[in-house]
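Remarks on the structure that follows.
The values are calculated or read from the model by the stated rules, or taken from the named source; none is laboratory data. These figures come from a predicted structure and were not determined experimentally. Ideal geometry is used to build each Cβ from the backbone, glycine not excepted, and the neighbour counts take in all protein chains shown. In case anyone asks, the SASA skips ligands and DNA or RNA and just uses the protein heavy atoms, side chains included. Shrake-Rupley method; radii C 1.70, N 1.55, O 1.52, S 1.80 Å.
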Amino acid sequence: MFKNDFDLLLSLNDDIAAISEYFVLFAKIFDKINAVFDTDLCGLSLFNENRDKLGCLLVTIPFRRDTTKWHRQFAIDSLPSELFGENSVITKVESEIFYNMGKFEEGQIDISEILEKKKISNLFFVPMHTGGKSIGYIILPISDYITNKENDNYLFRLSNLIASAIKNTEYVTRLKHKEEEKDMLLKLFSLLLDIKDENNFYMHLAEAISNLIPFEYIGIIGRGYNKNESEGIYITKDETGKLKVNKATRNDIRIVESFKFMLLAKDGIVHTEITGEELLKMCSQFSHIRQIKEKNSIVSLLVFRYMKNNLGELFLTIGRKEHVSQANEISIKLMHNSNSYFTGTEIEFCENLLPQLISIFANFYSFKEIEILTKKLEQEKHYLLDEINSATSFQEIVGNSVLLNNILNKIKLVAPLDATVLVTGETGTGKELIARAIHKLSKRNEQAYITINCAALPVQLIESELFGHEKGSFTGAFEKKFGKFEIANKGTIFLDEIGELPLEVQSKLLRVLQEKEFERVGGKSTVYSDVRIIAATNRNLEKEIEQGKFRSDLFFRLNVFPIEIPPLRERADDIPLLVKHFIQNYSKKIGKDIKSIKKNDLEMLTQYNWPGNIRELEHVIERAIIISQGSKLSFENFKFGGDSESEAKKESFKSLIEIEKDHIINALKLANGKVTGANSAALLLKINGKTLGTRMRKLGIKRKDIISDSKL
């Protein structure tokens, strides 16, 4: 009997509004439907995603976990057309369409017997709408239902209320499943990192998967991440449900690899589900599959194939019984309405799992190599710690002159940025201290700081030292080596004496600056390294470019933010502070109590030309402390490496090549740029014209420059 009672609607709304578990939701729905319609048989029906099939669930009331249930999926064209119009209405359907549903499980009564016993000849399909879209129907055997506006509106309100609850529960369930999946993957991957035993590794993997996908059988076969041969395992459950790991035999591998013909793909993930006749056919071909099917009651195999060129190939096979659990039947089978025994969320989970899994396998089976590399990295770590611990900001930069303060201001400006810095200046001016200060004040200051003296590296090893090499890439390369650029990832690398780099290495360095990537010597894969570069040189790189010794494009990439350090003779105001600093440092190291310096000696130090700059001053102070007696620094009978006058003469002294170049230029100017013939430079120099041309090219003398200078 139909009870048109709106209080029941309100009660139902209150009861199901916050339900997020399918069995609880359906139990409450069927309980309320029974209260409204006084019936002991009812059902729900939902469209699949493609809306070409309609899945139905009929249950007997009262509804319990062990209550009698029937599932059936109908093709759209086998049902009355009224059910699928845009303006769907309450539709009466003959119960004969359910007669061929058969038995749901062993011992269950056939649905046709129930319908005949209860004399149910017609069923009413009440459309459920939510979000402006029909999601399915409530199925009601109402014999005394009277169609009118009031009754229809009541049923529509009831059905739409149920539709909203189903959609809400579906959303919450999917969200919960996603959270569980995410949480499981995080725990799994963090756990697998510490597992070295292969059986233990696979067991934890299987346990994690079983938390989200019920299964009776799992097979994992991999190729390429360890060696060319395939290898793997399969996991089954014993009578108590305990997982058992078995090493895959050659026959097991051959069976799984036969799936690849069903899963043709290049890179990426493909999958297929093997059920019904197809599964029976495989059982007739492979005894191993037949044994698994019979022992574990397998009715469906879900097979994934994942390929990635640089890692390998992975097969994941999951076998499942027809019915895993009553709650799972209702929540998954009904909601997804598919002939598949696996749901879309389960397939999506496996697709998310496989790329991470193959990477873990690649690392897992490369563990021995990783151990070797770990030892190597430990050595590098000590090197890096020494570099980092010795780095300070401005503590080692001593002085208070205007020139030095200008440099410190530039450091403060550029340090927080990632801009490339080129530090120039004479030898001994403290270029490395400037680089350290930039790193210490940067956002990379907690990362590695590595110094490389390009002039000190053998030419044949420069590229290997900077970018690393693969095992066997050249004679003596007995193991893989990480280059300094790879080790300095996220940190700073200081390239001292950058002008000493060979041209072929300069081109590779240019790529690192532009793309932040390179290849190891003998390697094929690209290595990415986010490194900030600070370079330094005492050479005039622009002249080096003119002479073809340095790439102009590399110079412009390095010279983003130039910092030129003046020689010590130009910042004489800083000499007293530097002297005091070095006296304090070396007195303590040498074990002497030197506290002061004579005024005359300090004036002498201030007036000296210091061709070796701060480094020379440091060594002079150290030497003076060693020979001094008492508490004052003594320079008695002390000789510098050379006086100012002699150093100036040395600086002004021209080499034979420079004299030759000047002589040829003067001859060309007198001959108005004419090289050969009458009144030419060749005649003035009394040499052959071709010989003069050769000398001009070697010395970098261009005739057009001589002519333009003459016009000026």
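Kindly check whether there is at least one residue in the stretch 278-297 that is under 21 Å from residue 354 (Cβ atoms), at pLDDT 75 or above and surrounded by 13 or more Cβ atoms within 10 Å (Cβ to Cβ). Show your work before the answer.
Start the filter on the stretch 278-297 by keeping residues that are under 21 Å from residue 354 (Cβ atoms), which leaves none.
Taking every residue of the stretch 278-297 in turn, none turns out to be under 21 Å from residue 354 (Cβ atoms), at pLDDT 75 or above and surrounded by 13 or more Cβ atoms within 10 Å (Cβ to Cβ).
One line per residue, one yes/no per condition, for (1) open to solvent by 10 Å² or more (accessible area, probe 1.4 Å); (2) at pLDDT 90 or above; (3) not in a helix (DSSP H, G or I):
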| site | (1), (2), (3) |
| --- | --- |
| 416 | yes, yes, yes |
| 419 | yes, yes, yes |
| 423 | no, yes, yes |
| 427 | yes, yes, yes |
| 433 | yes, yes, no |
| 437 | no, yes, no |
| 443 | yes, yes, yes |
| 447 | yes, no, yes |
| 455 | yes, no, yes |
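So, in the stretch 521-561, how many residues would count as being in a strand (DSSP E or B) and open to solvent by less than 70 Å² (accessible area, probe 1.4 Å)?
Taking the stretch 521-561 and keeping what is in a strand (DSSP E or B), we get 521, 527-528, 532-537, 561.
Imposing the further condition that a residue be open to solvent by less than 70 Å² (accessible area, probe 1.4 Å) reduces the set to 521, 527, 532-537, 561.
The total comes to 9.
I'd like to check something: does the stretch 592-609 contain any residue that is open to solvent by 40 Å² or more (accessible area, probe 1.4 Å) and within 23 Å of residue 432 (Cβ to Cβ)?
There is no residue in the stretch 592-609 that is open to solvent by 40 Å² or more (accessible area, probe 1.4 Å) and within 23 Å of residue 432 (Cβ to Cβ).
Hey, residue 638 hits all of (1) exposed (fewer than 15 other Cβ atoms within 10 Å of the Cβ); (2) touching a helix residue (DSSP H, G or I) at 6+ places or on another chain (Cβ under 8 Å); (3) at pLDDT 75 or above; (4) hydrophobic (A, V, I, L, M, F, W, C) but one; which does it fall short on?
The failed condition is (3).
Restricting attention to the stretch 471-486, which residues are open to solvent by 10 Å² or more (accessible area, probe 1.4 Å) and at pLDDT below 85? If you could, list the steps in order and put the result at the bottom.
Here is the first cut: in the stretch 471-486, the ones open to solvent by 10 Å² or more (accessible area, probe 1.4 Å) are 471-476, 478-482, 484, 486.
471, 472, 473, 474, 475, 476, 478, 479, 480, 481, 482 - these are the residues of the stretch 471-486 that are open to solvent by 10 Å² or more (accessible area, probe 1.4 Å) and at pLDDT below 85.
Specify the residue that is farthest from the chain's Cα centre (by Cα); the eligible residues are those in the stretch 652-684 that are of a type in the set (Val, Ile, Thr) and open to solvent by less than 100 Å² (accessible area, probe 1.4 Å).
So the first thing to find is which residues in the stretch 652-684 are of a type in the set (Val, Ile, Thr), and the list is 657, 659, 664-665, 675-676.
Retained after the next criterion (residues that are open to solvent by less than 100 Å² (accessible area, probe 1.4 Å)): 659, 664-665, 675-676.
On the way: 659: 59, 664: 61, 665: 60, 675: 63, 676: 66 Å.
Within the stretch 652-684, the match that is farthest from the chain's Cα centre (by Cα) is 676.
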